[in-house]
Amino acid sequence: MPRSDTTPARRADARHNAEKIVQAAIACLGRNPQASMNDIAQEAGVGRVTLYGHFPSREALIEAALVRLLARGDEVLETVDLGGDPRDGLRALMESGWLLIAQASSVLQAAQEALSPGRVQELHAKPEQRVHGLIRRGQAEGVFRADIAADLLSSVLHHILHGAAGDVAAGRLEPANAPRVVAEMALAVCVLPPARSGPSVDR
């Protein structure tokens, strides 16, 4: 009979291999959203049998890579102070969100091509809740416009971030300017416009 301590060792090896594969997927997809399973196996230094033993399809591996990146991003966004002026919170959230999008844009592109839109949206649920909460608080405090639903405003912010990533990739936007641009666009969309006084009437 095999020794009883081989099962924990094998499980540790399996976890190690799975981690290597996910990290290799992030690296490969980050360079090329069309990276194949062979590319990822070579990056991870594992064989196809090991690769498919952990991830039976390219879609499953892409999802695992995206989940890992979103978890890392959530750790970063948790440190953003959202308790003060909602406008300051929105600026900080968009600037931090941009840095995460810039790091993960290629993996996200691969996910959008491989996974259903509903699944991609589901995986983004926790970051979306953070944005929704900030927008709703800003609306309640009279800082953000309330004539547009919080869900719709959040969706617009999502498109701003991903649109900026496309502009950077196409050379239309300098990467160094992107955090400021996405923050200013978000504020322009969400902040309640100042009340306009009517024209004066001479008597």
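Report the extension gain between Arg180 and Ala14 in nm, rounded to one decimal, defined as 0.36 nm multiplied by the number of residues separating them, less their alpha carbon distance.
55.5 nm
Quick check: Cα centre of segment 115-151 to Cα centre of segment 15-30, how many Å?
Cα centroid of segment 115-151 versus Cα centroid of segment 15-30: 31 Å apart.
Within 13 Å, Cβ to Cβ, of Asn177, how many net charges do the neighbouring residues add up to if Lys/Arg are +1 and Asp/Glu are -1?
Residues near Asn177 contribute -2 overall.
In nm, to one decimal, how far is the Arg72 label point from the Ala140 one, both placed 7 Å along Cα→Cβ?
3.4 nm
So what is the 222 nm mean residue ellipticity for the chain from helices alone, if each DSSP H run of at least 4 adds -39500 (n - 2.57) and you divide by all residues, rounding to the nearest 500 deg cm²/dmol?
Theoretical 222 nm ellipticity from helices: -24000 deg cm²/dmol.
In debye, nearest 20: dipole of the chain around its Cα centre with unit charges on the Cβ of K, R (+) and D, E (-)?
Dipole magnitude for the chain comes out near 320 debye.
Provide the net charge surrounding Leu93, with neighbours chosen by a C-beta distance below 13 Å and charges set as Lys +1, Arg +1, Asp -1, Glu -1.
Computed value for this residue: -3.
How much accessible area per residue does the chain have, in Å², with a 1.4 Å probe?
Roughly 59 Å² per residue, with all protein chains present.
Amide H of Phe144 versus every other amide H placed in the peptide plane: which residues, excluding those fewer than 5 positions away on the same chain, fall under 5 Å?
Gln139, Leu192
At 7 Å along the Cα-to-beta-carbon direction for both Val120 and Ser155, put a label point, then send me their distance in nm to one decimal.
1.5 nm
Kindly write out, for segment 91-105 in residue order, the coupling ³J(HN,Hα) from the Karplus curve 6.51 cos²θ - 1.76 cosθ + 1.60 (θ = phi - 60°), rounded to whole Hz, with x marking Gly and Pro.
4, 5, 5, 5, 5, 5, x, 4, 4, 5, 4, 4, 6, 10, 4
Obtain the nm distance between the two label points defined at Ala188 and Arg31 by a simple spin-label model: each point lies 7 Å from its Cα along the Cα-to-C-beta direction.
Calculated label separation equals 3.7 nm.
What are the ³J(HN,Hα) values, in whole Hz, obtained from phi via the Karplus relation 6.51 cos²θ - 1.76 cosθ + 1.60 with θ = phi - 60°, for each residue of segment 147-153 in sequence order, with x given for Gly and Pro?
7, 10, 4, 4, 4, 6, 4
If you stretched the chain out fully between Ile148 and Gln23, how much longer would it get, using 0.36 nm times the residue separation minus the C-alpha to C-alpha distance?
Length gained between Ile148 and Gln23: 41.0 nm.
Compactness ratio of the chain: Cα Rg over 2.2 N^0.38 Å, N = residue count?
With N residues counted in the chain, Rg over 2.2 N^0.38 Å equals 1.32.
P(r) tail for segment 112-164, what percent of Cα pairs lie past 16 Å?
In whole percent, the long-distance tail amounts to 48.
Give me the net charge of His132's neighbourhood, meaning all other residues with Cβ under 14 Å from the Cβ of His132; Lys, Arg count +1, Asp, Glu -1.
Its environment carries a net charge of +2.
The values are calculated or read from the model by the stated rules, or taken from the named source; none is laboratory data. All values derive from a computational prediction rather than experimental measurement. Every residue, glycine among them, receives a Cβ derived from its backbone with ideal geometry; neighbour counts consider all protein chains shown. Note: areas computed on protein heavy atoms with side chains; ligands, DNA, RNA excluded. Shrake-Rupley method; radii C 1.70, N 1.55, O 1.52, S 1.80 Å.
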